[in-house]
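The values are calculated or read from the model by the stated rules, or taken from the named source; none is laboratory data. A quick note: this is a predicted structure, and the numbers were derived from the prediction, not measured. FYI the Cβ positions are ideal-geometry reconstructions off the backbone, even for glycines, and counts take in every protein chain you see. Note: accessible area is taken over every heavy atom of the protein model, side chains too, but ligands, DNA and RNA are not part of it. Shrake-Rupley method; radii C 1.70, N 1.55, O 1.52, S 1.80 Å.
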Amino acid sequence: MDTSHLMFRDGLMAGERILITGGGTGLGKEMAEGFLKLGAEIHICGRRGGVCEETARELMAAHGGKVVPHACDIRVADAITDMNDKIWSEHGPLTGLVNNAAGNFISRTEDLSVRGFDAIANIVFRGTFYMTHDIGTRWIREGLRGNVCSILTTWVWNGGPFVVPSAMSKAGVNVMTQSLAVEWGPKGLRFNAIAPGPFPTEGMTKRLAPQAKSTEEMGTERTTPNPMGRIGKMHEFVNLATFLMGPGAEYVNGQTIAIDGAMYNASGGNFSGLAAWGDAEWQAAKEAIMATNNKDKADRTV
Ligand code: HXC
Ligand code: NAP
């Protein structure tokens, strides 16, 4: 990311200790860099422990500060508790959580197995709740303030054809955001969410546009046009995340904010165009996605 476009003053996030799930790659890594540069202590987790370690090393080499990697599978509630026990005892209480980890792939819904649905729902719907619940109850027990931002999609408002398990799960997290903002607001916790349009990352491109040759091509190949004629820039996304996770805008609570160049307003911003695909395209996509899944799986340490 070109950090010269970050909007906020140096030191804004000093004193913040923020866990970013899935922070070893993609948008999570971008937020980690942005928050670190503004003085926050960062914790990142993922199933590929080595990827998180490498990201932590890279970001600290570039910006100094403290980035702590954790190998943790958010589908496993006990693993979440163990990680958070470690964070609390070795570093201190978190001040913020970004629910960024997710799984997704394009598929015709009639081609999904129950395990295929669960592969996504167990990460996005259940894992996000387990993490939020574990950290939220710690904050309440200890009388601490806390701040949660979940990374969703614009499909929570208009549906996600060909990504139904993701759209359903993200919609559930959207409702969690609205519900807990009210229920836990009086206890000092706040909950917001971001619904990004296309900010192509490797993890997303390889599963949502497996036919694209590069992340840039994924941006231009999206099946629905964007009124701004381009994909998102990482610093734009990180600036919005900083606004929600940094101090100064605490009265924003219970909101899901889109950052998509008005794409979903204009044209749905989803994969409805894939209705044009036939069996051959779907078979090729599935093979490419599974090759990516297997490659990433080989790097998992938990
Ligand atoms: C049909 C598929 C499939 C495909 C997997 N499955 N890929 N079914 N089409 N393309 C099925 C498998 O056949 C299997 O079912 C089941 O899913 C579980 O597969 P596993 O490989 O064992 O899953 P698992 O190891 O749990 O991995 C989870 C995953 C994987 C979600 C499948 O992709 C992953 O780990 N992803 C993490 C990173 C990621 O997805 N990033 C993208 C986020 S982007 P059977 O019945 O055969 O056993 C994003 C974008 C939002 O969210 C918006 C963009 C605008
Ligand atoms: P990504 O790089 O694939 O990020 C997903 C991250 O989640 C990976 O680091 C992955 O690490 C982690 N993860 C997945 N399952 C996990 C589990 N069970 N436990 C712990 N960590 C897990 O993709 P991305 O594009 O940056 O996506 C980040 C977030 O933005 C997601 O919520 C996505 O839905 C959302 N989003 C992205 C876009 C976009 O255009 N990029 C648009 C809208 C929304 P491991 O595999 O090592 O576990």
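Of the strands (runs of 3 or more DSSP E) lying entirely inside region 1-84, those containing at least 2 residues that are over 17 Å from M245 (Cβ atoms) span 67-71.
Do we find a residue being more than 18 Å from T301 (Cβ to Cβ), free of Cβ contacts under 8 Å to residues at least 40 places away in the same chain and not small (G, A, S) anywhere in region 10-26? Yes, some residue in region 10-26 is more than 18 Å from T301 (Cβ to Cβ), free of Cβ contacts under 8 Å to residues at least 40 places away in the same chain and not small (G, A, S). Just one of (1) part of a helix (DSSP H, G or I); (2) within 19 Å of the chain's Cα centre (by Cα) fails for I257. It is (1).
Quick check: is even one residue across region 75-89 open to solvent by 70 Å² or more (accessible area, probe 1.4 Å) and hydroxyl-bearing (S, T, Y)? Yes - at least one qualifying residue is present in region 75-89.
Rundown of residues vs (1) more than 12 Å from ligand 2 (Cβ to nearest atom); (2) exposed (fewer than 15 other Cβ atoms within 10 Å of the Cβ); (3) not in a helix (DSSP H, G or I), yes/no style:
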| residue | (1), (2), (3) |
| --- | --- |
| R190 | yes, no, yes |
| I194 | no, no, yes |
| M204 | no, no, no |
| G229 | yes, yes, yes |
| T242 | yes, no, no |
| P247 | yes, yes, yes |
| A266 | yes, yes, no |
| A291 | yes, yes, no |
| K295 | no, yes, no |
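Checking each residue of region 193-213 against the condition of being more than 15 Å from ligand 1 (Cβ to nearest atom), modelled with pLDDT under 95 and farther than 17 Å from G28 by Cβ gives at least one match. All of (1) in contact with a helix residue (DSSP H, G or I) (Cβ under 7 Å, 6 or more places away or on another chain); (2) crowded, with 23+ Cβ neighbours inside 10 Å; (3) farther than 25 Å from A119 by Cβ; (4) among the small types (G, A, S) hold for G65 with one exception: (2).
Among T205, T242, which is the only one that is within 23 Å of G160 (Cα to Cα) and β-branched (V, I, T)? First the steps, then the outcome.
Details: T242 fails: within 23 Å of G160 (Cα to Cα).
After applying the criteria, what remains is T205.
Would you pick out the residues in region 263-296 that are more than 30 Å from G49 (Cα to Cα) and not hydrophobic (A, V, I, L, M, F, W, C)? Y264, N265, S267, G268, G269, N270, S272, G273, G278, D279, E281, Q283 - these are the residues of region 263-296 that are more than 30 Å from G49 (Cα to Cα) and not hydrophobic (A, V, I, L, M, F, W, C). Take F125 and decide whether it is within 14 Å of ligand 1 (Cβ to nearest atom), open to solvent by 40 Å² or more (accessible area, probe 1.4 Å), in contact with a helix residue (DSSP H, G or I) (Cβ under 6 Å, 6 or more places away or on another chain) and part of a helix (DSSP H, G or I). Against the criterion (within 14 Å of ligand 1 (Cβ to nearest atom), open to solvent by 40 Å² or more (accessible area, probe 1.4 Å), in contact with a helix residue (DSSP H, G or I) (Cβ under 6 Å, 6 or more places away or on another chain) and part of a helix (DSSP H, G or I)), F125 qualifies.
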